[in-house]
Amino acid sequence: MQKSIDYLLEDLDEGDYDKVVSYIEFLVDAKKKKRKEERAAEEQVDVDMIVASLVGSIPDTGKTLEEYRSERLKKYEISD
């Protein structure tokens, strides 16, 4: 394959050679960008799914956040 490419490139004018090289660079960059986007999509966390998994895991007892906080502080308080 490499010999075929070299053979074809030998017969090109300098302007055409530059166009071919530029087009190949464009294709390589486009492929890299596509791979990067695919990896990012795979790694993206589905926030709605996480929130849905948390709903109901902490029962609603009608307490305020301040009440929960003071409860936690008392529970983990270190006495001397």
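The values are calculated or read from the model by the stated rules, or taken from the named source; none is laboratory data. Since this is a predicted model, take the numbers as computed values, not measurements. Cβ atoms come from the backbone with ideal geometry, glycine included; neighbour counts cover every protein chain shown. Quick note on the areas: whole protein, heavy atoms, side chains included, nothing else; ligands and nucleic acids left out. Shrake-Rupley method; radii C 1.70, N 1.55, O 1.52, S 1.80 Å.
Screening the candidates LYS33, LYS74 for the property of being under 28 Å from the mean Cα position of the chain (by Cα) and either assigned to a helix (DSSP H, G or I) or of a type outside the set (A, V, I, L, M) (or both) yields one hit, LYS33.
Do you know which residues across region 36-58 are open to solvent by 100 Å² or more (accessible area, probe 1.4 Å) and in a helix (DSSP H, G or I)? LYS36, GLU37, ARG39, GLU42, GLU43, ASP48, MET49, LEU54 - these are the residues of region 36-58 that are open to solvent by 100 Å² or more (accessible area, probe 1.4 Å) and in a helix (DSSP H, G or I).
With respect to (1) at positive phi; (2) surrounded by 10 or more Cβ atoms within 10 Å (Cβ to Cβ); (3) not aromatic (Phe, Trp, Tyr), the lone exception for VAL20 is condition (1).
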